[in-house]
Amino acid sequence: MFKKILIANRGEIALRVIRTCKEMGISTVAVYSTADKESLHVRFADEAVCIGPPQSSLSYLSIPNIISAAEITNADAIHPGYGFLSENSKFSKICEEHEIKFLGPSPDMIDQMGDKSTAIKTAQKAKVPTIPGSNGLLESVEQAKKIAKKIEYPVLLKATAGGGGKGMRIVWNEEELEPLLNSAKQEARNAFGNDGMYMEKYLENPRHIEFQIVGDKYGVVCHLSERDCSIQRRHQKLVEETPSPFMTPELRKKMGEAAIKIAKSIRYEGIGTIEFLVDKNRNFYFIEMNTRIQVEHPITEEVINYDLVKEQILVHSGVKLSGKNYEPKLHAIECRINAEDPYNDFRPCPGKITALHKPGGHGVRVDTHTYAGYTVPPFYDSMIAKMITVAQTREEAITKMERALSEYIIEGIKTTIPFHIQLMKNEDFRKGNCTTKFMDTFKLK
Ligand code: ADP
């Protein structure tokens, strides 16, 4: 087992990993930018190393600075969290070369799944359905026009390096194609340093349903059921739940088997998520795989009573899985609380939290790095907390969430709490009528 783990991340996920390490008797090293000096992950880790100025490119994305911090502190493993370097095969390889265990898949596995257009080919090889599209990167506007004509408009342009909904454009007709391709390319270049684009048929009213999987060193892969992440804004998840209100035992069996098939085809090791879109007839299509822990992992933990970060550390230390798949026994929901103004087009709202009261009670979990007096820096993602409720039924989990949200007091900055309270009361949401189009018609009062 590892003796000391460096967490190459910040915010709530850094704290989340530190907590599990403590429970496993593993020492921890936090790394931080100067903007995060006062952050809780720095205070709660056994050691902390400053790795640079606020800009991510000079700190949380700086491979030499992070490797140096691991060497100085003698860490024998690095947990990358999510975002930043978590799906960077070069980082995974450099860790390997320095004999530091990267707590994620090998560079080769990341390469087969990390870029989305290659991941689609990997899924096709495993005979899992994908959405009709370009089957590879777009080479010219002319070629893009030809493919769009064949698969029929509307089509979706997607960045192969994409994430967080960036570099994506819906195209309704041929006239729009060239300008939208150019602007998506530009956005992708700025965000990911890679402007490779591919195309898919745009599904008009799908649900986003993903499967949590875990694989060990010995080729065993199992799934831990699904998460429904259909409540999104600009292709970014706002609320997640498990089980999906749209799921049936037959569909879970089929999708779970498909997810395992994909992971097995690359002998996947570690925890990961296979994402699908599901249409109204319950046809499902692979869209991408995330080769890391996800933001929404706690809902899975709550319904199957399982610490996923612990599992991740265990499989990377060589522990064997039983091969058993897990079914949700309870219902859990997560609301992402962002420092954004929901009444002002969800504009980011960094600043100092002057007063804070966190809710509690049975079945309520809040994962956050914030505290009264904490200043949300303007440099990073605007998510400041995740609130998770768990109960026997979906209805109870929603009611509990509504109650817990009403107790959550954050003063000094604007947050998305008022939005979540209204969503929990919404009739369509309560009925489970949620597709990725839900937010297009949702009006905040
Ligand atoms: P990212 O990596 O940027 O999050 P994804 O490929 O995971 O991108 O897609 C994010 C979201 O965009 C999906 O959950 C879904 O709502 C929407 N989306 C992606 N592909 C399609 C598609 N072909 N048709 C309709 N919606 C799509």
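The values are calculated or read from the model by the stated rules, or taken from the named source; none is laboratory data. Everything quoted here is computed from the prediction, not taken from an experiment. So basically every Cβ, Gly included, is an ideal-geometry build from the backbone, and we count neighbours across all protein chains shown. Surface accessibility is based on the protein's heavy atoms, side chains included, excluding ligands, DNA and RNA. Shrake-Rupley method; radii C 1.70, N 1.55, O 1.52, S 1.80 Å.
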Residues located in region 242-280, provided they are closer than 21 Å to Asn205 by Cβ and in a loop (DSSP other than H, G, I, E, B): Pro243, Ser244, Pro245, Phe246, Met247, Thr248, Asp279, Lys280
Residue check, Ile100 among the β-branched types (Val, Ile, Thr), within 13 Å of the ligand (Cβ to nearest atom) and in contact with a strand residue (DSSP E or B) (Cβ under 9 Å, 6 or more places away or on another chain): no
Residues located in region 181-194, provided they are surrounded by fewer than 20 Cβ atoms within 10 Å (Cβ to Cβ) and either of a type in the set (Lys, Arg) or away from the ligand (no atom under 12 Å from the Cβ) (or both): Asn182, Ser183, Lys185, Gln186, Arg189, Asn190, Gly193, Asn194
When residues of region 140-173 are limited to those that are open to solvent by 30 Å² or more (accessible area, probe 1.4 Å) and among the basic types (Lys, Arg), the one nearest to the ligand (Cβ to nearest atom): Lys166
Positions within region 34-43 being more than 24 Å from the chain's Cα centre (by Cα) and in contact (Cβ under 8 Å) with a residue 12 or more places away in the chain, in sequence order: Thr34, Lys37, Glu38
So Phe419, is it in the same structural domain as Arg234 (by TED's automatic domain parsing) and more than 13 Å from Ile333 (Cα to Cα): yes
Residue match in region 228-239 (condition: of a type in the set (Lys, Arg), within 15 Å of the ligand (Cβ to nearest atom) and open to solvent by less than 10 Å² (accessible area, probe 1.4 Å)): no
Filter result for Glu71 (over 19 Å from the mean Cα position of the chain (by Cα), free of Cβ contacts under 8 Å to residues at least 24 places away in the same chain, closer than 27 Å to Arg16 by Cα and open to solvent by 60 Å² or more (accessible area, probe 1.4 Å)): no
Residues located in region 83-93, provided they are open to solvent by 40 Å² or more (accessible area, probe 1.4 Å) and in contact with a helix residue (DSSP H, G or I) (Cβ under 6 Å, 6 or more places away or on another chain): Glu87, Lys93
Pairs with Cβ under 6 Å, 6+ apart, first in region 175-201 and within 17 Å of Thr118 (Cα to Cα), second of a type in the set (Ser, Thr, Tyr): Gly196/Thr160; Tyr198/Ser117; Tyr198/Ser134; Tyr198/Thr160; Met199/Ser134
Odd one out for Ser134 among (1) crowded, with 21+ Cβ neighbours inside 10 Å; (2) farther than 17 Å from Met289 by Cβ; (3) within 10 Å of the ligand (Cβ to nearest atom): (3)
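Results for (1) surrounded by fewer than 17 Cβ atoms within 10 Å (Cβ to Cβ); (2) more than 26 Å from Gln422 (Cα to Cα); (3) more than 16 Å from the ligand (Cβ to nearest atom), shown as yes or no for each residue.
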{"residue": "Ala259", "(1), (2), (3)": "no, yes, no"}
{"residue": "Ser265", "(1), (2), (3)": "yes, yes, yes"}
{"residue": "Val319", "(1), (2), (3)": "yes, yes, yes"}
{"residue": "Glu327", "(1), (2), (3)": "yes, yes, yes"}
{"residue": "Asp341", "(1), (2), (3)": "no, no, yes"}
{"residue": "Lys352", "(1), (2), (3)": "yes, no, yes"}
Entirely in region 357-436, the helices (runs of 4 or more DSSP H) that have 3 or more residues that are open to solvent by less than 70 Å² (accessible area, probe 1.4 Å): 394-407, 417-425
Search result, residues across region 268-286 that are more than 14 Å from the ligand (Cβ to nearest atom), surrounded by fewer than 23 Cβ atoms within 10 Å (Cβ to Cβ) and touching a residue at least 24 places away in the same chain (Cβ under 8 Å): Glu269, Arg282
In region 214-239, the residues that are touching a Cys at 6+ places or on another chain (Cβ under 7 Å) and among the aliphatic types (A, V, I, L, M): Val214, Ile231, Val239
